[in-house]
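The values are calculated or read from the model by the stated rules, or taken from the named source; none is laboratory data. Remember, predicted model here, so these are calculated numbers, not experimental data. Cβ placement follows ideal geometry from the backbone for every residue including glycine, while neighbour counts extend to all protein chains displayed. Accessible surface areas use protein heavy atoms only, side chains included; no ligands, DNA or RNA. Shrake-Rupley method; radii C 1.70, N 1.55, O 1.52, S 1.80 Å.
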Number of protein chains: 2
Amino acid sequence: MEIITSAQNQWVAEARKLQQKKFREERGLFLAEGLRLAEEAAKAGSVQEVYYHETFGDTDRGAELLKALSAETRRFFQVTAKVLNSLAETETPQGIVCVCGQRRLSIRDFAPERGVVVLADGIQDPGNLGSVLRTLWAAGGSGLICLAGTTDPFNGKCVRASMGGIYRLPVFTDMTWSGAARWALDHGYTTVAAEAGGGVDYRQMKWPDKTLLCIGNEARGLLSVVAEEVGERVFIPLAEEAESLNAAVAAGILIFSSMN
Amino acid sequence: MEIITSAQNQWVAEARKLQQKKFREERGLFLAEGLRLAEEAAKAGSVQEVYYHETFGDTDRGAELLKALSAETRRFFQVTAKVLNSLAETETPQGIVCVCGQRRLSIRDFAPERGVVVLADGIQDPGNLGSVLRTLWAAGGSGLICLAGTTDPFNGKCVRASMGGIYRLPVFTDMTWSGAARWALDHGYTTVAAEAGGGVDYRQMKWPDKTLLCIGNEARGLLSVVAEEVGERVFIPLAEEAESLNAAVAAGILIFSSMN
């Protein structure tokens, strides 16, 4: 087997472009690094290319994964540490980087029969957005709609924080509020806006079977969602003086509440 | 007013040592940077020294805060940008760094009359631990006990993620499991261990008035908490295939559930 030793190799150079949002969008691909994410990608059948360092096969778990991946894709490349580091975004890439396919679905074909869908309206921190995906997956949620101005869910940090949720849930990006509201209407989804105050205490909330839960920006709340156009408003009551919760924590409390 | 222009100035050099855990523990102090955290520190009466850049007073909010802080402490120093950056841990320190006092309380004197206390058993990510503090504050929780092996809650990243919770709640560090269990017994607190599976579904949980909620390490769960010695075990049911929640999200769901 040939080993790629140059970071200028054509495959490697093309894969590295996926560190940029522009190329991720253009190609419908993204990067996932590390053992755990590569395992989840393999389970989900998302892997299109594999770049690994030979030491990755030294553990039983690594060797088993390489075996499965080599059966799944012919674009299976052993690379030097230098090449691997050029593809990786963390300081400890754990010996493997995969190019994965985005789950591309037209919003017109997205018609879940039940369960919560999150609408992210301006979440900026990729760790928070990734955590929302992880929570949605764990709660049995149905998908994620990102309005324009939200951080890219296929960003490496978001992918890592999702712990694999990114492979499992349909994700829609760069939507407008009116497009999302129309989708909700067409599919019987009730828009529920999470707000800092006002609306219904989440503990008293009668959650609809089909909830589109709108989560806003970390500092400024909902940006594009039009308050007068949502179906319901919900809040988490906080202790005096405390101002807010972390966006991913607030989303987690509401997502699980909506599934109960 | 004299401006400190050297990062080797004695006050500045002493303050900078607080970037290290060793000195934070020795002195019972920690660093807080940025407008928001400095405001919260001022409200909580925690500020002992102030280092600010002259441009910090250019906004109304900044000017107002400086006025309040200069009344509160005589260790009030205008510094150059270079000096400020030497004290700051973020890339955009926003013109102010405060030295704050840790809320030091002996565990023997910690006797809350009700409400949840979190026991952190090996949480490694300071962002997660800070987020737990933020949630605890927002939920009206009573305190945080960290077992040895947990990241330092007075670490700068944790302080920032707590959004001010670090000033408000009593925090105990480097405790042993037996010490924490003894404390719980002495004060009528029931230990409740959050586990990946087993125990009671949190939706069916009859939360005690006084809950000591044990949250484990991100990857390995509870490390020092002895399963046979806890009063109750609780879990959050997850969708098939999904393995886990982010530790701060799981803690948030359980903390709010316990307050209902």
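Assorted remarks:
- Sole exception among (1) farther than 27 Å from A:Gly28 by Cα; (2) away from chain B (no Cβ under 14 Å); (3) open to solvent by 50 Å² or more (accessible area, probe 1.4 Å) for A:Gly199, by number: (3)
- Looking only at the range A:239-260, and only at residues there that are more than 7 Å from every other protein chain (Cβ to nearest Cβ) and assigned to a helix (DSSP H, G or I), the one that is surrounded by the fewest Cβ atoms within 10 Å (Cβ to Cβ): A:Met259
- Scope the range A:181-213; condition small (Gly, Ala, Ser) and under 14 Å from A:Val116 (Cβ atoms); matching residues: A:Ala184, A:Gly188, A:Ala193, A:Ala194
- Among the residues of the range A:94-146, the ones that are at pLDDT below 95 and of a type in the set (Asp, Glu) come to 2 in all.
- Consider the range B:160-185 and keep the residues that are part of a helix (DSSP H, G or I) and within 14 Å of chain A (Cβ to nearest Cβ). The one that is nearest to the chain's Cα centre (by Cα) is B:Ile166.
- Complete set of residues in the range A:24-81 that are surrounded by fewer than 20 Cβ atoms within 10 Å (Cβ to Cβ), closer than 19 Å to A:Gly165 by Cα and touching a Phe, Trp or Tyr at 6+ places or on another chain (Cβ under 7 Å): A:Ala44
- Condition met for B:Ala194 (within 14 Å of chain A (Cβ to nearest Cβ), in contact with a strand residue (DSSP E or B) (Cβ under 8 Å, 6 or more places away or on another chain) and open to solvent by less than 50 Å² (accessible area, probe 1.4 Å)): yes
- Taken over the range B:101-127, the residue count meeting the criterion of being of a type outside the set (Val, Ile, Thr), within 16 Å of the chain's Cα centre (by Cα) and assigned to a loop (DSSP other than H, G, I, E, B) is 7.
- Selected residue (criterion: nearest to A:Pro208 (Cα to Cα)) from residues of the range A:223-238 that are in a loop (DSSP other than H, G, I, E, B) and within 14 Å of another protein chain (Cβ to nearest Cβ): A:Ile236
- Answer residue from the range A:111-121, given it is away from chain B (no Cβ under 14 Å) and more than 16 Å from A:Val192 (Cα to Cα) and is least open to solvent (accessible area, probe 1.4 Å) among those: A:Ala111
- Residue within the range B:211-222 that is of a type in the set (D, E, K, R) and either surrounded by 17 or more Cβ atoms within 10 Å (Cβ to Cβ) or touching a strand residue (DSSP E or B) at 6+ places or on another chain (Cβ under 9 Å) (or both) present: no
- Complete set of residues in the range B:1-23 that are over 17 Å from B:Val159 (Cβ atoms), part of a helix (DSSP H, G or I) and open to solvent by 60 Å² or more (accessible area, probe 1.4 Å): B:Gln10, B:Trp11, B:Glu14
- Some residue of the range A:100-110 being within 14 Å of chain B (Cβ to nearest Cβ), within 30 Å of A:Gly188 (Cα to Cα) and in contact (Cβ under 8 Å) with a residue 12 or more places away in the chain: no
- Within the range B:77-118, tally of residues that are of a type in the set (A, V, I, L, M) and under 30 Å from B:Ser178 (Cβ atoms): 6
- Unique match (being without any contact (Cβ under 8 Å) to a residue 60 or more places away in the chain and among the basic types (Lys, Arg)) among A:Arg220, A:Arg203: A:Arg203
- Some residue of the range A:156-163 being in contact with a Pro (Cβ under 6 Å, 6 or more places away or on another chain) and modelled with pLDDT of 95 or more: yes
- Between A:Glu54, A:Glu39, the distinction of being within 26 Å of the chain's Cα centre (by Cα) and of a type in the set (D, E, K, R) belongs to A:Glu39 only.
- Residues in the range A:132-153 that are open to solvent by 10 Å² or more (accessible area, probe 1.4 Å) and out of contact with any Gly (no Cβ under 7 Å at 6 or more places or on another chain) were compared, and the one that is nearest to the other protein chains (Cβ to nearest Cβ) is A:Ala139.
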